Amino acid sequence: MDVIESSPVQGNNLDPWYDSYAGRTAGLAASEVRALFAVASRPEVVSLAGGMPFVSALPQDLVTGAINKVMAERGPVALQYGSGQGVPALREQILEVMALEGISGSADDVVVTTGSQHALELFSKLFLDPGDVVIAEGPSYVTAMVIFNSYQAEVDHVPMDEHGLIPEALREHIASLKAAGRRIKFLYTIPTFHNPAGVTLTWERRVEILEICKSEGILVLEDNPYGLLYFEDKPPAAMRSIEEDGVVYLGTFSKTLAPGFRLGWALAPHAIREKLILANEAAVLSPSSFTQLIVSEYLSQADWRGQIDTFRGVYRERKETMISALQESLPELSWTNPNGGFYVWVTLPESLDSKAMLPRAVKELVAYTPGTAFFADGTGRRNMRLSFCYPTPEQIRVGVRRLANVVSGELDLLETFAGTGELGRSRMPRAAFPPSDLR
Ligand SMILES: Cc1ncc(COP(=O)(O)O)c(C=O)c1O
């Protein structure tokens, strides 16, 4: 019998093109938990796993009104190819959105992309050669790391604490990478309402990290999808508001409007902006004229700031529900308590493994994302990401209760089989709250 070889891309050598795929596709491995998530999408499962915005909080007539107006007044333009940089009027409006986070810039330096995901892809294509290093927080946004891997770059994780990336650790990592002769291409950071950690980089650290990167000649890629979705206090202004030349800033309409438009943008220094436009044209010719005109119409007619307030209220209530459910049902765990965004990062007792526990959780009709998904090196077994953006408060309460059953079942099993009794729930020390270190 033939041996069936495996490839991360297409599965096995029954694929006639098995030997033809480019070497870089080795980074395009399907996540090990993907199959489970297919099961987890069944309606009876409470999914605390995905990061889908709650688009039902956006009144549909606001969108249909904009679509109708665009089609009545500018149909042929909306249905045509456009510029590789994006519609000028929308780029001006994007400046107004970014001004809410302290950023001033020129519409000339904005490049509209197919979601900020595509900006990440274009930026990586411009900067990454095989063997390069991208410094990122540990944990980091999983689908950015997939892109970095697909360009055969390596992710070096710098630890965070509850105040975000730790500047001293960044210094140490840069020094040891440089000493090892590695080429660091950029720092990829999500300073505000981090995905998945939920923490926010303090103002002082923003300034310090920018100083470090400037003195080391390292470009900063600031990814900021969640900054406007704060619950109480406004977060510190964007890093791009402090430094223009050394920062490429990414924004998106996915969380403050709707991801279905697939509209994001990059704000970049002139030279990089030029290259981003060329890369955008090479990839898609032009971002969708149709959705750009609709979003531009929405921004000029609708109370978009009020709509962001509505989203904030929805997510604030869900976050509070999740935190109080965790306090009630899982007091032996620790977690971050975000002031905005979509995610809570949970730390399990030492003995538990979130990845190994996931099949049991799905059987109990609750899903989460294991921490291992967010580290390039497979660490993070003691962590899980819980999303509160999409499930209703009631579903969140039910989901956390189910999770508590799973955790206590695992702890009981460990106690039974470990023999020593030391792994038992009753003896589990309560972890610090909030965790002082997300390593
Ligand atoms: C940190 C981060 N960056 C980028 C994206 C991509 O967003 P989009 O392509 O919808 O703009 C997401 C989506 O969840 C995200 O969490």
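The numbers here are math on the coordinates, done by the rules we state, and not lab data. These numbers come from a predicted model, not from an experiment. Please note: Cβ atoms are built from the backbone with ideal geometry, for glycine as well, and neighbour counts cover all protein chains shown.
Mind checking which of P167, G340, L278 is farthest towards the positive end of the chain's charge dipole, using Cβ charges of +1 (Lys, Arg) and -1 (Asp, Glu) about the Cα centre?
G340
Using only Cα atoms, find the angle between the long axis of helix 354-363 and the longest principal axis of the chain, and express it within 0 to 90 degrees, rounded to the nearest 10.
90 degrees
State, to one decimal in nm, how far the label point of K69 lies from the label point of Q327, with both points 7 Å from Cα in the Cβ direction.
4.4 nm
Could you estimate the translational diffusion coefficient of segment 283-426 from the Stokes-Einstein equation, with Rh from the Kirkwood formula over C-alpha pairs, at 10 °C and 1.306 mPa s, in whole µm²/s?
91 µm²/s
Find, to one decimal place in angstroms, the Kirkwood hydrodynamic radius of segment 93-141, where the mean of 1/r is taken over every pair of different Cα atoms and then inverted.
13.3 Å
At 37 °C and 0.692 mPa s, grab the translational diffusion coefficient of segment 299-368 from Stokes-Einstein with a Kirkwood Rh over Cα pairs, rounded to a whole number in µm² per second.
Value of D from the Cα-based Kirkwood radius: 226 µm²/s.
Dipole of the chain, Cα-centred, from +1 at each Lys and Arg C-beta and -1 at each Asp and Glu C-beta, to the nearest 20 debye?
620 debye
Measuring from the lowest to the highest alpha carbon on each principal axis, how far does segment 94-213 reach, largest first, in angstroms?
On the principal axes, segment 94-213 reaches 43, 31, 25 Å in Cα extent.
Counting only pairs 8 or more residues apart or on different chains, how many lysine pairs in the chain have their Cα atoms under 30 Å apart?
21
With unit charges on the beta carbons (Lys and Arg positive, Asp and Glu negative) and the dipole taken about the Cα centre of the chain, which residue among I218, F311, T379 sits farthest to the positive side?
Sorting the options by dipole projection puts first F311.
From the phi angles alone, apply the Karplus equation (6.51, -1.76, 1.60; θ = phi - 60°) to segment 322-334 and give each ³J(HN,Hα) in whole Hz, x where the residue is Gly or Pro.
Karplus-based 3J(HN,Hα) across segment 322-334 equals 5, 5, 6, 5, 5, 4, 6, 9, 9, x, 7, 8, 10 Hz.
Could you order the peptides 99-110, 115-126 from most to least packed, using the average number of other C-beta atoms within 10 Å per residue?
115-126, 99-110
Size of the chain along its principal axes in angstrom, Cα-based, largest extent first?
In descending order, the Cα extents are 71, 57, 51 Å.
From the C-alpha gyration tensor of segment 333-375, pull out the three semi-axes of the equivalent ellipsoid (sqrt of 5λ each), sorted largest to smallest, in whole Å.
19, 13, 10
What is the ratio of the Cα radius of gyration of segment 166-212 to 2.2 N^0.38 Å, where N is its residue count, to two decimals?
For segment 166-212, the normalised Cα radius of gyration comes out at 1.26.
Can you tell me the 0 to 90 degree angle between the C-alpha axis of helix 289-301 and the longest principal axis of the chain, rounded to 10?
The answer is roughly 90 degrees.
Quick one: of the DSSP bridges fully inside the chain, what percent are antiparallel, nearest 5?
So the antiparallel bridges in the chain amount to around 50 percent.
At each listed q (0.27, 0.29 Å⁻¹), what is the log10 of I(q)/I(0) that the Debye formula gives for segment 348-399 modelled as equal alpha-carbon point scatterers?
Debye curve over Cα of segment 348-399, log10 I(q)/I(0) at q = 0.27, 0.29 Å⁻¹: -1.06, -1.12.
About its Cα centre, how strong a charge dipole does segment 271-424 have in debye, to the nearest 20, once Lys and Arg get +1 and Asp and Glu get -1 at the Cβ?
260 debye
Specify which residue in the list M98, S47, L228 is farthest towards the positive end of the charge dipole of the chain, using unit charges on the beta carbon of Lys, Arg (+1) and Asp, Glu (-1), about the Cα centre.
It is S47, whose Cα lies furthest towards the positive end.
What Kirkwood hydrodynamic radius do you get for segment 245-356 when you take the inverse of the mean 1/r over all pairs of distinct Cα atoms, in Å?
Averaging 1/r across every pair of different Cα atoms and inverting gives 17.8 Å.
About the Cα centre of segment 136-273, how large is the charge dipole given +1 on each Lys and Arg Cβ and -1 on each Asp and Glu Cβ? Please answer in debye to the nearest 20.
For segment 136-273, the charge dipole is close to 560 debye.
Relative to the longest principal axis of the C-alpha atoms of the chain, give the angle of the C-alpha long axis of helix 393-418, reported between 0 and 90° and rounded to the nearest 10°.
Orientation of helix 393-418: about 40 degrees from the principal axis.
Pairs of Cα atoms under 8 Å, at least six residues apart: use those to get the relative contact order of the chain, whole percent.
22 percent
In whole angstrom, and with the biggest value first, how far do the Cα coordinates of segment 177-242 range along each principal axis?
Computed over segment 177-242, the largest-to-smallest principal extents equal 44, 23, 14 Å.
Could you please rank T291, T200, T321, T392, placing first whichever residue has the fewest other Cβ atoms within 10 Å of its Cβ?
Final ranking by Cβ density, sparse to dense: T392, T321, T291, T200.
Can you list residues from other chains, or at least 5 along the same chain, whose modelled amide H is less than 5 Å from the amide H of T113?
G264, W265, A266
Quick one: Debye curve from the C-alpha atoms of segment 233-287, no solvent, what's log10 I(q)/I(0) at q = 0.29 Å⁻¹?
Values, matching the q order: -1.11.
If you build a Gaussian network model of the chain, linking Cα atoms that sit under 10 Å apart, which residue out of R312, R381, R171 swings the most?
Evaluated over the chain, the most mobile residue of the options is R171.
Please work out the FRET efficiency for the pair R182 and L28, using the Cβ-Cβ distance as r and a Förster radius of 30 Å; give the result to the nearest 0.05.
E between R182 and L28, to the nearest 0.05, is 0.80.
Quickly work out the S41-to-D412 label distance, labels modelled 7 Å from Cα along the C-beta direction, and quote it in nm with one decimal.
Reported label-point gap for D412 and S41 is 3.3 nm.
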